[in-house]
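Notes follow the structure.
The values are calculated or read from the model by the stated rules, or taken from the named source; none is laboratory data. For clarity, every value in this text was computed on a predicted model and none was experimentally measured. Ideal geometry is used to build each Cβ from the backbone, glycine not excepted, and the neighbour counts take in all protein chains shown. Heavy atoms of the whole protein, side chains included, go into the accessibility calculation; ligands, DNA and RNA do not. Shrake-Rupley method; radii C 1.70, N 1.55, O 1.52, S 1.80 Å.
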Amino acid sequence: MKTLDYADAMVDSRTVAFMVCKIAMGIGILILPDAVTSVTHTSDGWIPILAGGAIACLFTVLIALLTRRFPQMDYHDMVSRIAHPVVAHIVVFLFSLYLFLFTCYEIRGLSSIAKLYLFDNTPIEAISLAFLLVLVYGVSGPSVTLLRINTLFLPAILVVLALVIAFALKDFDIQALKPVFVTPPVILAKSLKETLFSYLGVEVLLFYNLYIKNPDKTAKAAVAGMAGACFVYLAVFVMSIGVFSETVVENTLYPLAELAKQVEIPGGLMERFEAPFFLAWVLSLFCTAAMSFDVTLLGIQSIFPKAKRMPLIYLLSPLLLLGAMMPRNLIETRRISTLVSYMGMAFGWMLPALFLFVAVVRGIRGAPPAIAEDSKKG
């Protein structure tokens, strides 16, 4: 049997770009057009999408700069050096709690949409359990494996999205995008919140920093990935408005799914294009949820170094299912989504930016370890 060497346990900047792009393209790609248009009531939603992408890129740079100062160290070790181990325990616990709830929301989101479009006679509990079991299998191996899966799945997902947009162009009406610049700045600022929520996820770099081969290239790669996600969100929004108009999008829960349902391939090669679309979307949600679950495990293990991975998975899995089933309807699910998003902005974006500022002021840096153990924390 071949023994993995040091290089095999690390990933390059290309993998980082794929990872950031993929985790930012979670369930938000389905709900963002409706969420933004419900606030603006116009086609000007592209403005907060671009502004939100710019802000997300800014925090991506800050997080990447923090990881560059502490190469091949996890978030707990960074905070321990900047502040104190007790502070690190508290911060990482809150960070792990946020990602745990984020995973619950992803499970519930996939289950709700799958029941609506694919398995209308299947109990949502059964769908959630099936997806959870797949997640358990996905996080049972080394963390670096999940990072490399993105390089396999993301191109396929983007190809399917490109096909949806390409075949929907025949129904696209550019007049539906007019008038522009008619939304008051206050309303645009209010809708910015919805777009920022959709860009959450890059904060997993704080723990996946353990496996990055070239920390100096992390910022450029991460920004490229986030910019790619911003471009996809913008394309989906513009196509949704151009095909359905802002009034229809505002009253449609999942505009992108409806866009895929009406796609017709010339020549009758495929009558139901939504089948490959939902396949790609499930792969997308799997990658996002698996990485958030995996980083939750890494966070807990950084607080309790003696904790074993598989017992933690067995302990947290029932809690994930319980958390996913707690919302009784769509309104409660959206409320939990908003709470989780605020936690992400506070614990995933604001706190790391603060720690970067303190580290720069105090001149604190971390030296890379001589050799990183394969899957040390995973």
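Rounded if a/c is under 1.5, else prolate if a/b beats b/c, else oblate: with a ≥ b ≥ c from the C-alpha gyration tensor eigenvalues square-rooted, which is segment 165-218? In terms of gyration-tensor shape, oblate. At q = 0.13, 0.15 Å⁻¹, what log₁₀ I(q)/I(0) does segment 244-370 have when each alpha carbon counts as one equal point scatterer in the Debye sum? With no solvent term, the Cα-only Debye profile gives -0.90, -1.06.
Please determine, in degrees from 0 to 90 and to the nearest 10, the orientation of helix 124-139 with respect to the longest principal axis defined by the Cα atoms of the chain, where the helix direction is its Cα long axis. With rounding to tens, the tilt is 40 degrees.
Quick one: in segment 94-241, what % of C-alpha pairs are over 21 Å apart? Result for the distance tail: 64 percent.
The chymotrypsin sites (Phe, Trp or Tyr not before Pro) of segment 86-130 include none that meets both conditions, a loop assignment by DSSP and at most 10 other Cβ atoms within 10 Å of the site Cβ. Entry note, segment 121-257: relative contact order of 36 percent, from Cα contacts under 8 Å with a spacing of 6+ residues.
Here is the list for segment 267-329: trypsin sites (Lys or Arg not before Pro) lying in DSSP coil, each with at most 14 other C-beta atoms within 10 angstrom of its C-beta, are R272, K306, K308, R328.
For the listed residue pairs K115/K308; K22/K170; K22/K220; K22/K193; K115/K261; K170/K190, the alpha carbons are over 24 angstrom apart in K115/K308; K22/K170; K170/K190.
For A219, the shell of other residues with beta-carbons less than 12 Å away shows a net charge of +3, using +1 for Lys and Arg and -1 for Asp and Glu.
Report, to two decimal places, the Cα Rg of segment 75-117 normalised by 2.2 N^0.38 Å (N = number of residues).
Details: Rg = 15.9 Å, N = 43, 2.2 N^0.38 = 9.2 Å.
Taking the Cα Rg and dividing by 2.2 N^0.38 Å, one obtains 1.73.
Look at the Cα gyration tensor of segment 29-138: its axes a ≥ b ≥ c give a/c of at least 1.5 with a/b at or below b/c, and that counts as oblate. Semi-axes of the equivalent ellipsoid of the chain are 34, 23, 20 Å, computed as sqrt(5λ) over the eigenvalues of the C-alpha gyration tensor in descending order. Only one residue of L65, I313, L147 has its Cα farthest out toward the positive end of the dipole of the chain, where Lys and Arg carry +1 and Asp and Glu -1 on Cβ, and that residue is L65.
Electrostatic tally near I113: other residues with Cβ closer than 14 Å to its Cβ, Lys and Arg +1, Asp and Glu -1, net -1. Share of pairwise Cα-Cα distances greater than 24 Å in segment 174-278 is 46 percent (whole percent). Entry note: segment 29-85 has Rg to Rh equal to 1.25, where both radii use alpha-carbon atoms and Rh is the Kirkwood radius.
Express the relative contact order of the chain as a whole percentage, based on alpha carbon pairs under 8 Å and six or more residues apart in sequence.
Answer for the chain is 42 percent.
Both radii are taken from the alpha-carbon atoms of segment 310-353; with Rh as the Kirkwood radius, Rg/Rh is 1.11.
For segment 209-234 versus segment 13-56, the spacing of their alpha-carbon centroids is 15 Å. When only alpha carbons are used to place a centre, segment 130-184 and segment 69-101 end up 30 Å from one another.
Of the accessible area of segment 46-112, with the probe set at 1.4 angstrom, what percent is carbon plus sulfur?
On the way: 1630 of 2080 Å².
Using a 1.4 Å probe with all protein chains present, segment 46-112 comes out at 78 percent carbon and sulfur.
Each of G228, F277, M239 was scored by the projection of its Cα onto the charge dipole of segment 196-277, and the greatest displacement toward the positive side belongs to G228; charges sit on the C-beta of Lys, Arg, Asp and Glu. Helix 274-303 and the longest principal axis of the C-alpha atoms of the chain enclose an angle of approximately 20°. For the chain, the solvent-accessible area of protein heavy atoms averages 43 Å² per residue (probe radius 1.4 Å; ligands and nucleic acids excluded). Neighbours of M239, meaning other residues whose beta-carbon lies under 12 angstrom from its beta-carbon, give a summed charge of -2 when Lys and Arg score +1 and Asp and Glu score -1.
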